[in-house]
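Here the structure is laid out as C-alpha cells; the discussion comes afterwards.
Bear in mind these aren't lab numbers, they're just calculated from the coordinates by the rules spelled out. It should be emphasised that the depicted structure is a prediction, and the values quoted were computed from it without experimental measurement. Cβ: placed from backbone, ideal geometry, glycine included. Neighbour counts: every protein chain shown.
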Amino acid sequence: MGVSAWFFLRPRPGELRPLAQRAAQTFISDGGRLPADAEGFVRYAEVIVSLEDRQAVEVLRVGFFQYRALADGTVDREYVREIMATVPEAAFGWLELSKPPPGVIGAEHKFAKRRLDHLSQWKPTQDDLSKLRDLVNRKAGREIM
C-alpha cells in the first residue's frame, strides 16, 4: 500500500492536462516556469491517490490550488509571502491570548481562514470537474473518481 500525488494544470476553464509532479514542485519552490492563465495565476488540481501494488485504487483527497505568476512564468514570491503571512492567524487565531470585550465574538481566525482559502485555492467549474474525473480515471485505468 502507498500514496501518490497526481497534478493537473488548468490553463483555462474546462481545460486540464497532466502536470509532472517535479514540474509542480519546481515551480513552487525552485524557480520553475509554468504558463499562467488569463488572470495571471497558475492553477492546478492535486489528486492524492491510494496505491495497491502500484495501481491507483482510491482517491483520498482532491485540492485546487493557485499561485500568482510573474510575466516570465515563475511564481510571484510576494504573493507567496502574502499567503504565508495569513497562515498563522488562520491556523492558530482561535487561541485567544486575551478575552474580547463582552458582547464581542472573536472571529478573526475565521476571516483569516477565508482569506487564506481565497488566496491559495480556486473553485473548479463543472467542466473542470468532469475533465479531471476523466483524466484521473484514465490514468488509473479504472473508475476511481
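By the beta-carbon count within 10 Å of each Cβ, the least crowded to most crowded order of THR74, THR125, fewest first, is THR125, THR74. As a length-normalised measure over Cα pairs under 8 Å and 6 or more apart, the relative contact order of the chain settles at 24 percent.
Neighbour counting of Cβ atoms within 10 Å sorts the residues LYS110, LYS99, LYS139, fewest neighbours leading, into LYS99, LYS110, LYS139. Here the range 1-66 is treated as a Stokes sphere of Kirkwood radius computed over C-alpha pairs; at 4 °C and 1.567 mPa s its diffusion coefficient rounds to 103 µm²/s.
Of the candidates GLN121, GLN21, GLN66, which one comes out as most mobile in a Gaussian network treatment of the chain with C-alpha springs shorter than 10 Å? Of the options given, GLN21 has the highest mean-square fluctuation. Ordering HIS118, HIS109 from the fewest to the most neighbouring beta carbons within 10 Å gives HIS118, HIS109.
Non-local lysine pairs in the chain, meaning eight or more places apart or on different chains, with alpha-carbon distances under 30 Å, amount to 8.
With respect to the chain, whose longest principal axis is taken over its alpha-carbon atoms, helix 77-92 is tilted by about 60°. Between ARG12 and GLU52, the FRET efficiency estimated from the beta carbon spacing at R0 = 35 angstrom works out to 0.50. When you filter the trypsin sites (Lys or Arg not before Pro) in the range 28-103 for DSSP loop state and at most 15 other Cβ atoms inside 10 Å of their Cβ, you are left with ARG33, ARG54.
Can you give me the angle between helix 108-120 and the longest principal axis of the chain, using Cα atoms only, in degrees from 0 to 90, rounded to the nearest 10? It works out to around 30 degrees.
At 37 °C and a viscosity of 0.692 mPa s, what translational diffusion coefficient does Stokes-Einstein give for the chain, taking Rh as the Kirkwood radius over Cα pairs? Give it in µm²/s as a whole number.
193
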